[in-house]
Amino acid sequence: MLSSVVFWGLLALIGTSRGSFPFTHMMNPHLRPHQYHGCYGDITSMDTSGAACDIDRLINCGIRGSEMFAEMDLRAVKYYRVMIKEVGQRHCVDPALIAAIISRESHGGAVLQNGWDHSGLKFGLMQLDKKIHPPVGAWDSKEHLLQAAGILSERTKAIQKRFPTWSVAQHLKGGLSAFKLGVEAVANPVDIENDYANDILARAKFYRRHGF
């Protein structure tokens, strides 16, 4: 009887040790989405000022402004929710961040023309510049999202390596800034406190509360 108890106890421990972290990327996107925040910090604990307020945007700015635009895009972005979660977990990126970038860049694809912006230079839901990143897959495909989320992940890692003493939040804001402008555009903490990074982070918090 005792040996049986010991056996099952050991089995439980082995199962726990194998399933606690290595398989995080492979989680079913329908399981506990509120607990998954990827490898770059928990956005719910990070400060953000939201979209910048300037002379051209005095009302629809700040956190409330970011949330307003995120809510306007919610239905369109929700259409891709399962795919967003799968891609986020593949690259260990918070799905809410991917949703926020899709909202900011293409309003869930609503403003695109056959997947392109009005200038014909940026492609897909996350709007990659074709001069820098040759398009992969259809504009609203998993292949495109994998390409774009991979770029975000790689550039966040580059910021981590370049500024090892920065906080987790600074690394993420730096990664978001580098996704938009390139790693070389980030030289100091002032560079990461920009409209893009703060707006994305505020929208991401909104999408986290809405199932991403």
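The values are calculated or read from the model by the stated rules, or taken from the named source; none is laboratory data. Just so it is clear, the model here is predicted, and its values are computed rather than measured. Cβ placement follows ideal geometry from the backbone for every residue including glycine, while neighbour counts extend to all protein chains displayed.
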Exercise. Confirm whether Leu128 is over 26 Å from Ile192 (Cβ atoms), in contact (Cβ under 8 Å) with a residue 12 or more places away in the chain and buried (at least 20 other Cβ atoms within 10 Å of the Cβ).
Key: no
Quiz item: Residues of region 50-91 being within 19 Å of Asn194 (Cα to Cα), part of a loop (DSSP other than H, G, I, E, B) and at pLDDT 95 or above, which ones?
Solution: Gly50
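For (1) among the aliphatic types (A, V, I, L, M); (2) without any contact (Cβ under 8 Å) to a residue 12 or more places away in the chain; (3) out of contact with any Pro (no Cβ under 6 Å at 6 or more places or on another chain), each residue gets a yes or a no:
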| position | (1), (2), (3) |
| --- | --- |
| Arg64 | no, no, yes |
| Asp73 | no, no, yes |
| Ile84 | yes, no, no |
| Gln89 | no, no, yes |
| Asp94 | no, no, yes |
| Ile102 | yes, no, yes |
| Asn114 | no, no, yes |
| His118 | no, yes, yes |
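Looking only at region 92-110, decide whether some residue is surrounded by fewer than 21 Cβ atoms within 10 Å (Cβ to Cβ), in a loop (DSSP other than H, G, I, E, B) and either at pLDDT below 95 or of a type in the set (A, V, I, L, M) (or both).
Yes; the residues of region 92-110 include at least one that is surrounded by fewer than 21 Cβ atoms within 10 Å (Cβ to Cβ), in a loop (DSSP other than H, G, I, E, B) and either at pLDDT below 95 or of a type in the set (A, V, I, L, M) (or both).
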Practice problem: Name the residue, out of Ala185, Ala158, Ala96, Ala138, that is among the aliphatic types (A, V, I, L, M) and within 19 Å of Ala204 (Cα to Cα). | Solution: Ala96
Practice problem: Check whether at least one residue in region 190-206 is of a type in the set (Gly, Ala, Ser), out of contact with any Asp or Glu (no Cβ under 8 Å at 6 or more places or on another chain), assigned to a loop (DSSP other than H, G, I, E, B) and at pLDDT 95 or above, and report yes or no. | Solution: no
